[in-house]
1. Tally time: how many residues in segment 112-149 are outside any strand (DSSP E or B), open to solvent by 10 Å² or more (accessible area, probe 1.4 Å) and out of contact with any Lys or Arg (no Cβ under 6 Å at 6 or more places or on another chain)?
2. From the list ARG71, ARG105, which one is without any contact (Cβ under 8 Å) to a residue 40 or more places away in the chain and charged (D, E, K, R)?
3. Exactly one of these conditions fails for SER286: (1) more than 30 Å from ASN14 (Cα to Cα); (2) under 18 Å from the mean Cα position of the chain (by Cα). Give me its number.
4. Do you know which residues across segment 396-424 are within 31 Å of the chain's Cα centre (by Cα) and within 17 Å of ILE459 (Cβ to Cβ)?
5. Would you pick out the residues in segment 193-222 that are assigned to a helix (DSSP H, G or I) and surrounded by fewer than 20 Cβ atoms within 10 Å (Cβ to Cβ)?
6. Only one of ILE182, ILE177 is of a type in the set (Val, Ile, Thr) and closer than 17 Å to VAL231 by Cβ. Can you tell me which?
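The values are calculated or read from the model by the stated rules, or taken from the named source; none is laboratory data. All values derive from a computational prediction rather than experimental measurement. Reconstructed Cβ throughout: ideal geometry from the backbone, glycine too, with neighbour counts over all protein chains shown. Just the protein is used for accessible areas: all its heavy atoms, side chains included, with ligands, DNA and RNA removed. Shrake-Rupley method; radii C 1.70, N 1.55, O 1.52, S 1.80 Å.
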Amino acid sequence: MLNNIKINLFEYPNFTQFYITLDLNHALNESMVHEEYSNLNKYLTENGIQVVYEKCFGQLSFKDKVLDIKRSVEREKFPQWPLSYIEGNPALNSFMSSITIMGIRSLNKEVKIEYIEFEDRIIGTKMIDLNEEYLYLMGLASDARYGTNEFNVMFEQLKGILNISQFSEGDIVRTWIYLNDIKDNYVNFNEARRIFFEQSNIDYSSSSNVLPASTCIHGITDNRSTAMIDVMCIKKMSTYAKIDRIYTPLLNEAEGDSYLFKPTFSRALSIDSDNHIEIQLSGTASVDQNGETVFKDDPYKQIQKTLTNIESLLSVHDLTFKDFVQSTCFFKSEEYYIIFQQVMQEMNIPHFSSTFVIGDICRQDLLCEIDGVIKKNKKQERIDEIQNGYSNEVTDIIRKLLQTHEEISLEENLRSKGMDSLKTIELIVNLESTFDINFNNDELLLENFESIRLICDLINIKK
């Protein structure tokens, strides 16, 4: 069963790309985690997916058990791909928040995957396509034994790994940083990052188009590291994708000296290729155009402002929340998770692939932060035209099942209209008969039938 796995896939000429999020907030014991991970591994195996990276958020005390589960499930494959495990206390009462994976299925052997080793473990993945070269580095940790020089040494190690992998510092487009005490270490880390940029000739001014997007958040990785960094690179010397910085009038730019705590990052970067548009969204919070925290001590309004800021960044490329393929939502308190769900419903934002984590954020007065990967097939407009042809018939079927004549929008959650499990089964039977299609077992997820839009997406794939 794949009820707790969200899958987004994208077709390229030489490969299919998979973004997978396994929600583990419901897994209350070790056996449940084992079962879910077994289902995930089975899906990867059956679909011939090569994992590019894996990221786990969970209680640090549960890390060794998760690694044991991975060994027992993957057996001879363990540890074949790079893995980050970050302390991320779940929003609900469980051991793990989620496991997120990005992987590919090569269609014609034109795509090469090379795993990179560093200090006796797999630290990264190099993905080489005919038109593009990507590098993902996962779990590069600092060493507290270096004292005040700890972060500088980590960046020197990063530079060395990039060079060995035949990438440069200027190829970095995205970083994720986890600090085990963000209140005490954020300023020192930002200073080390600026030195790294300066030594690498990376312009971090507000007008720079090469400044990476970034998230910097609380996250303990082990007992001897103060920081850990994950990195995404695209080789820009040979790239056919156009990479641009995204601006919004709702937010100012984090360019170092003029910003609180002196961080340096882009709010978001777009990666525009022939068939797809992708946005790498930095950690975004309730901050205004002056860089000030707004709605202090008001979690409802802070979450609302955070989502509004994100909407503004996505709108530059006509993307919306339904185009999220991976995301992490950080909350200062468990109670804010409930408020988040309420705000999402009131703003009519569909549920997107996300990990929910309780932990500290870079500012003490910020209560919520969200980052993500947002991606869309640029041929979606044509698909939308096709969907509109399906939507009338789908809507008629749903109205008959629900015994209603009410208007139902394409994005509206059908559960809120009374579509329960039994009615969903009836719906599936009707859809297969009406459109002369057969759904595969891995497509029979309740989430695939939550809205008319999602149902039309699935019909379009089957057609």
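1. Counting residues in segment 112-149 that are outside any strand (DSSP E or B), open to solvent by 10 Å² or more (accessible area, probe 1.4 Å) and out of contact with any Lys or Arg (no Cβ under 6 Å at 6 or more places or on another chain) gives 11.
2. Working: ARG105 fails: without any contact (Cβ under 8 Å) to a residue 40 or more places away in the chain.
Only one candidate qualifies: ARG71.
3. (2)
4. As a first pass, look at segment 396-424 and keep what is within 31 Å of the chain's Cα centre (by Cα): 408-421, 424.
Of everything in segment 396-424, those that are within 31 Å of the chain's Cα centre (by Cα) and within 17 Å of ILE459 (Cβ to Cβ) turn out to be ILE408, LEU410, GLU411, LEU414, MET419, THR424.
5. Let us first name the residues in segment 193-222 that are assigned to a helix (DSSP H, G or I), namely 193-199.
Matches in segment 193-222: ARG194, ILE195, GLU198, GLN199.
6. Details: ILE182 fails: closer than 17 Å to VAL231 by Cβ.
Within the list ILE182, ILE177, the selection yields ILE177.
Each row is one residue, and each column tells you yes or no for (1) modelled with pLDDT under 90; (2) touching a helix residue (DSSP H, G or I) at 6+ places or on another chain (Cβ under 6 Å).
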position	(1), (2)
VAL394	no, yes
ILE398	no, no
LEU401	no, yes
THR404	yes, no
SER409	yes, no
ILE425	no, no
ASN430	no, yes
PHE435	yes, yes
ASN440	yes, no
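The rows are residues; the columns are (1) within 29 Å of TYR43 (Cα to Cα); (2) open to solvent by less than 60 Å² (accessible area, probe 1.4 Å); (3) of a type in the set (S, T, N, Q); (4) assigned to a loop (DSSP other than H, G, I, E, B).
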| site | (1), (2), (3), (4) |
| --- | --- |
| LEU401 | no, yes, no, no |
| THR404 | no, yes, yes, yes |
| ILE408 | no, yes, no, yes |
| GLU426 | yes, no, no, no |
| ASN430 | yes, no, yes, no |
| ILE437 | yes, yes, no, yes |
| ASN448 | yes, yes, yes, no |
| ARG453 | yes, yes, no, no |
